Amino acid sequence: MIDVGKLFLIIAFYLIVAGKDVYDIISERYDKRTKRSTLIVDAERFKTYDEVFDRQNLDNIFHLMKRGKIRTVECPISTGKEANVYKTNKVGGGFSAMKVFRTSTATFGSFLEYIDGDRRFQNIDRSRRGIIYTWARKEHLNLRTMFEKGVRVPEPEAIFRNVLVMEYIGYEGKPAPQLKFLDAEKEEWEEMWEIVVETVRKLFVECELVHADLSEYNILYDGAPVFIDVGQSVHIGHPNAKELLRRDLGVISTFFRKKGIEGAGDDAEILIKELASSVEDR
Ligand code: ATP
Ligand code: MN
């Protein structure tokens, strides 16, 4: 267990030293007694705040607060290599999910493989920050395209620099679980597999996108499968699109086969052929 007293000291240090300006602006809106606890509601759960809540990120988050896209940050949902995800409170009530891309990520070099070859992103700023901001914008745009075409993904709500705000996907009062950690009956897996296959088809045919990192970790369950983590998704015209589609369907059909869907591998093969020939016909 983390020492709460010590944690508060560190938070106070950050707010006073690292994020002073932000703190000052925030105090315009939050009175002195509540501002710390209002900005960060559940401080004990912020084990990683010191990496993410640096001056720059606090500024970015505060910008989204001023635009009314976030009221307060509630608690962390996930801490990853490339991004941290938080549950936030909306201005009018309810929740959002805020994904903060790390500007220090070690893997950002590989982002360029997915950005180059994507006609939607040309002449981008190729500095480290520029690439990460583009990456976040790419996820936002992919979510928008998918959501508008009726694919089950979180609805994008706002983007500013490396901070993406989207619909919060919850299930039974908690953040929705990844398929990997879901307990379900065989018939439910069968139903989910059909939906996953249809979603991959719809992504390809209607959105002209390939997820490109599909797995049991990037599909949440809120009563039905919800695809997430679409920053790397590429246009079907991308030189690696077919290979990425094959990989996606390979990974996800292997997972469903382990869940007892024996035909998953064959279904995947059929879909790959169908979609690949549909682009050749164009
Ligand atoms: P990393 O690979 O560095 O761990 P990531 O790029 O994979 O991060 P995501 O997959 O988008 O990030 O999100 C990480 C986790 O955060 C998800 O597995 C999920 O548990 C949670 N999450 C992401 N988006 C949402 C959302 N909209 N609603 C609820 N939970 C979410
Ligand atoms: Mn992920």
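Read the figures in this text as sums done on the coordinates, not as results from a lab. Since this is a predicted model, take the numbers as computed values, not measurements. No Cβ is skipped: glycine too gets one built from the backbone with ideal geometry, and neighbour counts run over all protein chains shown.
The packing ranking, built from the mean of other Cβ atoms within 10 Å per residue, places the peptides 177-188, 59-70 in the order 59-70, 177-188, highest first. If the segment from Val251 to Arg128 were pulled out straight at 0.36 nm per residue, it would be longer than the present Cα-Cα gap by 41.3 nm. Extending 7 Å from the Cα toward the beta-carbon at both Arg144 and Asp222 defines two label points whose distance is 2.0 nm.
Semi-axes of the equivalent ellipsoid of the stretch 115-222 are 28, 17, 12 Å, computed as sqrt(5λ) over the eigenvalues of the C-alpha gyration tensor in descending order.
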